[in-house]
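Working notes, structure below.
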Amino acid sequence: MWARLSACFNVVMGSSQNGNSITNNYDGLEFHQGKICFSQMWLQQSNMYTSDPSKVAPAGSVLLCVRAPVGTVNITDREICIGRGLASISPVCKMTSLFAYYWISTLQGDFIKKATGSTFIAITADTVKEQLVPIPPLAEQLKIVDIIECLYKQSNAILESL
């Protein structure tokens with residue numbers, strides 16, 4: 001079945017934080033503005049914190065860059081506060097975070113085509129929420145994730161042997 005992203009996910013667009021609430025002294029909720037702490041898949045620790053979080057991404061959310069570079073994704077394993085450069089996409093139906101991560105990562109080209117802006121490109125909340133996504137049964141999602149991860153391991157082993 002195919003559905004709009006907003007039908008199966010809670011989409012939270014980040015917002016500007018009060019500059020006075022941002023600090024690097026571990027006071028408050030960890031804060032991320034963009035992809036600076038992105039790794040290949042899992043969000044790395046930031047040294048920025050906010051004492052007044054306004055937009056929160058729950059643990060297990062897929063984080064999507066909505067400002068240049070549009071479409072880059074990661075997963076957070078902890079609750080964080082997100083700034084204007086990110087959107088939090090959290091499954092509300094039977095969908096695994098890993099399946100959502102792999103699928104949403106394939107949409108980068110689509111998001112870039114839909115981006116607007118002259119100084120830097122960005123996508124809107126509506127662009128994210130209206131994106132079509134497949135919703136296979138949970139058992140099939142798990143099989144797809146297993147196959148993808150197996151293929152990644154095999155390709156990494158080949159690259160390491162070269």
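Some points to look at:
- Given (1) modelled with pLDDT of 90 or more; (2) open to solvent by 30 Å² or more (accessible area, probe 1.4 Å), index of the condition Glu30 fails: (2)
- If you check Gly85, Gly71 for being open to solvent by less than 30 Å² (accessible area, probe 1.4 Å) and on the phi > 0 side of the Ramachandran plot, only one passes: Gly71.
- You will find that of Ser6, Ser46, Ser61, Ser54, the residue that is within 16 Å of Ser88 (Cα to Cα) and more than 15 Å from the chain's Cα centre (by Cα) is Ser54 and no other.
- Of all residues in the stretch 110-134 being modelled with pLDDT of 95 or more and of a type in the set (Gly, Ala, Ser), the one that is nearest to Phe9 (Cα to Cα): Ala125
- Meets criteria (within 21 Å of Ser54 (Cα to Cα) and either within 17 Å of the chain's Cα centre (by Cα) or not in a loop (DSSP other than H, G, I, E, B) (or both)) for Ala139: no
The values are calculated or read from the model by the stated rules, or taken from the named source; none is laboratory data. For clarity, every value in this text was computed on a predicted model and none was experimentally measured. Heads up: the accessible areas ignore ligands, DNA and RNA and are worked out on the full protein's heavy atoms, side chains in. Shrake-Rupley method; radii C 1.70, N 1.55, O 1.52, S 1.80 Å.
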